[in-house]
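Only one structure is covered here, and it is reproduced in the block below.
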Amino acid sequence: MMSTSGAETYARLMNLHGPIVSERQQMLLDLTPDCIKALTPDGVVLTLNKAGRRALNVPDDSPFGMTWLSLLPEEVHPAATAALQVAITGQSTRFLGKSLQAGQEIFWDNLLLPLIDPAQGVISILCISRDVSEKVALETKLERALERERILAREMRHRIKNMFSVVSGLSAIAQAEARSQGDQAAASGIFQGKLDALSRASDAIFETDIAGGSDLVSFRSIIEAILKPYGSRCEIVSDDVQKIRRSDVTTYALILHEMATNSVKYGALSNSKGTVILSWSNRGSSLDLEWTETGGPAIDYQGRIGFGTQMVDRVVRSAQGAVQRSWLKCGLAAIVSLPAVSG
């Protein structure tokens with residue numbers, strides 16, 4: 001819709017100068033796929049080519065004189081206004097904008113070129129907008145790919161660092177168990193057994209399937225396999241009735257392995273007295289796994305979320321689940337809720 005001030009400006013210019021472009025010039029402008037428009041310094045549209053009408057949803061029989069900003073999505077207004085302010089000073093400028101065509105978002109590279117009269121200064125502004133949707137899509141795709149690579153690199157560094165922490169923690173646990181048995185020489189054998197168990201747990205994390213007939217497996221057996229390296233320090237108090245899908249094994253394995261690693265580094269498994277108690281309950285739509293740490297060092301939670309915790313959150317979200325954490329003085333209490341097996 002044409003504003004009153006815009007209509008007056010447009011009418012005054014038409015009376016003074018006649019049509020902004022000739023019929024032949026308009027035909028030439030209509031040949032280009034770029035969106036071309038002429039604006040007054042205060043942003044009133046003097047003319048549009050055919051591609052411009054189509055891009056800005058201006059009917060062919062609509063007169064000009066509307067404000068340029070009224071044709072743009074509201075979220076583009078700040079960038080467009082800033083560009084116009086630069087152009088009226090006599091400088092060329094550009095900005096990235098967008099519009100909607102048939103419900104599809106189109107991105108535009110907008111170049112503003114001021115037309116300068118030596119005596120009057122800037123008398124009009126030519127705005128040339130080129131569809132760069134494919135370029136923006138490729139750049140977005142590339143940035144997402146680079147971000148995935150950055151995350152993978154961080155995760156690899158995180159896993160290598162964690163592996164050293166876990167091995168160090170298992171060594172300490174093995175020595176403590178040997179002392180409790182009164183046979184310090186047995187520490188080496190205990191440690192080797194825990195490393196073997198850790199290797200089997202790592203295999204469970206990266207396998208996408210488990211040999212067998214049924215599609216369902218025992219939830220308890222999976223947890224026991226993953227947490228076996230930590231022996232009696234991890235206590236399971238729920239029964240063996242609950243089943244999970246084979247396709248969900250990797251998800252649970254990743255979550256449990258990361259939580260156990262964090263416990264070895266910072267929580268109950270980082271000293272000789274702490275324990276982790278695991279239980280679960282089926283609420284119909286969700287299977288809630290409770291992880292409760294006791295006897296570890298006092299927790300002074302500062303609100304900082306480490307990469308391991310972020311990774312757990314990311315895995316849980318990808319499985320359409322949720323995780324709740326309580327940083328208690330006696331240790332971490334967490335509930336991981338994932339979709340349960342239906343029927």
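Contact annotation: no residue pair with Cβ atoms under 7 Å, 6 or more positions apart or on different chains, pairs a residue in segment 229-250 that is outside the structural domain of Thr292 (by TED's automatic domain parsing) with a partner that is in a helix (DSSP H, G or I) and modelled with pLDDT of 80 or more. Is it true that Ala79 is closer than 18 Å to Val45 by Cβ, small (Gly, Ala, Ser) and surrounded by fewer than 17 Cβ atoms within 10 Å (Cβ to Cβ)? It is true that Ala79 is closer than 18 Å to Val45 by Cβ, small (Gly, Ala, Ser) and surrounded by fewer than 17 Cβ atoms within 10 Å (Cβ to Cβ). Every condition in (1) without any contact (Cβ under 8 Å) to a residue 40 or more places away in the chain; (2) crowded, with 16+ Cβ neighbours inside 10 Å; (3) among the charged types (D, E, K, R); (4) not in a strand (DSSP E or B) holds for Glu258 except the one numbered (1). Filtering segment 82-114 to residues that are buried (at least 17 other Cβ atoms within 10 Å of the Cβ), touching a Leu at 6+ places or on another chain (Cβ under 6 Å) and among the hydroxyl-bearing types (Ser, Thr, Tyr) leaves only Thr93.
Taken over segment 295-314, residues that are in contact with a helix residue (DSSP H, G or I) (Cβ under 6 Å, 6 or more places away or on another chain) and modelled with pLDDT of 80 or more amount to 3. For segment 305-324, the criterion of a residue being closer than 25 Å to Ala178 by Cβ, part of a loop (DSSP other than H, G, I, E, B) and in the same structural domain as Leu152 (by TED's automatic domain parsing) is satisfied by no position. Pairs, please: C-beta under 8 Å, at least 6 apart or cross-chain, first residue assigned by TED's automatic domain parsing to the domain that holds Ile125 and in segment 50-78, second of a type in the set (S, T, N, Q) and part of a loop (DSSP other than H, G, I, E, B)? Pairs found: Ala51/Thr32; Arg53/Ser62; Gly65/Ser3; Met66/Ser3; Thr67/Ser3; Ser70/Ser3; Leu71/Asn57.
Can you run down the residue pairs with Cβ atoms below 7 Å, 6 or more apart or on separate chains, where the first is in segment 22-46 and more than 23 Å from Val132 (Cβ to Cβ) and assigned by TED's automatic domain parsing to the domain that holds Thr81 and the partner is among the aliphatic types (A, V, I, L, M) and part of a loop (DSSP other than H, G, I, E, B)? Between residues of segment 22-46 that are more than 23 Å from Val132 (Cβ to Cβ) and assigned by TED's automatic domain parsing to the domain that holds Thr81 and residues that are among the aliphatic types (A, V, I, L, M) and part of a loop (DSSP other than H, G, I, E, B), the close pairs are Pro41/Ile88; Leu46/Ile20.
Checked against the criterion of being modelled with pLDDT of 70 or more and within 25 Å of Glu258 (Cα to Cα), the candidates Ala137, Ala201, Ala225, Ala178 yield just one match: Ala225.
Among residues that are assigned to a loop (DSSP other than H, G, I, E, B), among the small types (Gly, Ala, Ser) and either surrounded by 14 or more Cβ atoms within 10 Å (Cβ to Cβ) or in contact with a Phe, Trp or Tyr (Cβ under 8 Å, 6 or more places away or on another chain) (or both), Gly296 is included.
When segment 215-250 is filtered for residues that are outside any helix (DSSP H, G or I) and over 22 Å from Pro339 (Cβ atoms), the ones remaining, listed by number, are Cys234, Glu235, Val237.
The values are calculated or read from the model by the stated rules, or taken from the named source; none is laboratory data. Keep in mind the model is a prediction, meaning the values are calculated, not measured. Because the Cβ atoms are built from the backbone with ideal geometry, glycine has one as well, and the counts that use them run over all protein chains shown.
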